[in-house]
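K.L.:
Supplied in structure tokens, the structure appears directly below.
The values are calculated or read from the model by the stated rules, or taken from the named source; none is laboratory data. Just so we're clear, the structure is a prediction, and the values are computed from it rather than from any experiment. All Cβ positions, even for glycine, are placed from backbone atoms using ideal geometry, and neighbour counts span all protein chains on display.
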Amino acid sequence: MLSHILRPLLVLWLFLAAANASLLSPRAEVNGACTGSGGAPGVCISTSNCSKAGGTSVANKCPGTPDDIKCCTKTTCGTGNKGNCRFTSSCSSGNTESNECPGPSDFKCCMPAGSGGGNNPTLPSTSSGCKKVAINGAKAIIDAFPGKVKSIGCIRKCSDPSSSDHCVGMATDMMVSDGGVKTTAGEPIAEWVMHHASSLSLKYVMWGQRIWNPSDGVKPWSQWRYQACTVIKPCTHGDRGSVTQNHW
């Protein structure tokens, strides 16, 4: 039986290497997305605008922006305080309330809190061999997109440990559809990962036959470079011949 770790739809390669920290500093944008304490979704705005709307400002989460721009989060909002503030693109329920959150018009109160159409998957454990930096990255992603990720893979047994970061527990696979079928659901997640490369200690992310790493600079998924050919050589547009190998 093919395990989910061998059917990746969104592959996130995470690493911890202080010597390479200079490579992991993508600039944030004012009114852009950020991640606050505990993985809470946030928006980069001024501290005054954040406090006026009842939000909490978190420092050092919006690199490259003016000093007064901080990551603003608001973890309770809406009717009965059952919602949380996030960009509408990550509110899976589609049920939002306006005039409850700081920031731009598309940063709204998502009802109910933790909406996403299902339970979050079980995170890998360090006892399995998965490294903490990879687990922390996976947790941040499922917190930002509740209910979107179906399962998470990490460690993989390999005859050659140097052949893949999975062999040493430094990479995670995110399944975003049932049955390994092609889907577009991973695109916003992949771009979110790109925007949060620094906080995730990201090496690179693969989705939909394309790959991105921090040295490429922030750009839409459609402008990411194609993944390298593996079994099929040469291949066109990174097409390795299957949904699994193409990271859909």
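K.L.:
Looking only at the range 81-103, filter to residues that are out of contact with any strand residue (DSSP E or B) (no Cβ under 7 Å at 6 or more places or on another chain) and under 19 Å from His195 (Cβ atoms); which one of those is modelled with the lowest pLDDT?
P.N.:
Within the range 81-103, the match that is modelled with the lowest pLDDT is Ser92.
K.L.:
Can you tell me which residue is nearest to the chain's Cα centre (by Cα) among those in the range 64-105 that are of a type in the set (Val, Ile, Thr) and under 22 Å from Ile141 (Cα atoms)?
P.N.:
Among those residues, the one meeting the criterion is Thr88.
K.L.:
Which members of the range 122-163 meet the condition of being in contact with a Phe, Trp or Tyr (Cβ under 9 Å, 6 or more places away or on another chain), at pLDDT below 85 and small (Gly, Ala, Ser)?
P.N.:
Matches in the range 122-163: none.
K.L.:
Can you tell me which of Gly137, Gly153 is surrounded by 21 or more Cβ atoms within 10 Å (Cβ to Cβ) and over 25 Å from Ser37 (Cβ atoms)?
P.N.:
Gly153
K.L.:
Also: Is the range 179-188 home to any residue that is under 18 Å from Cys34 (Cα atoms) and at pLDDT below 90?
P.N.:
Checked the range 179-188: at least one residue is under 18 Å from Cys34 (Cα atoms) and at pLDDT below 90.
K.L.:
Against the condition under 15 Å from His195 (Cβ atoms) and either assigned by TED's automatic domain parsing to the domain that holds Ile189 or surrounded by fewer than 21 Cβ atoms within 10 Å (Cβ to Cβ) (or both), how does Glu29 come out, does it pass?
P.N.:
yes
K.L.:
Give me the strands (runs of 3 or more DSSP E) completely within the range 37-97, filtered to those with at least 1 residues that are of a type in the set (Phe, Trp, Tyr) and buried (at least 18 other Cβ atoms within 10 Å of the Cβ), ordered by residue number.
P.N.:
Filter on the range 37-97 gives 84-87.
K.L.:
Which one is nearest to Ala40 (Cα to Cα) among residues in the range 137-177 that are touching a residue at least 60 places away in the same chain (Cβ under 8 Å), assigned to a helix (DSSP H, G or I) and not aliphatic (A, V, I, L, M)?
P.N.:
Out of the qualifying residues, it is Asp143.
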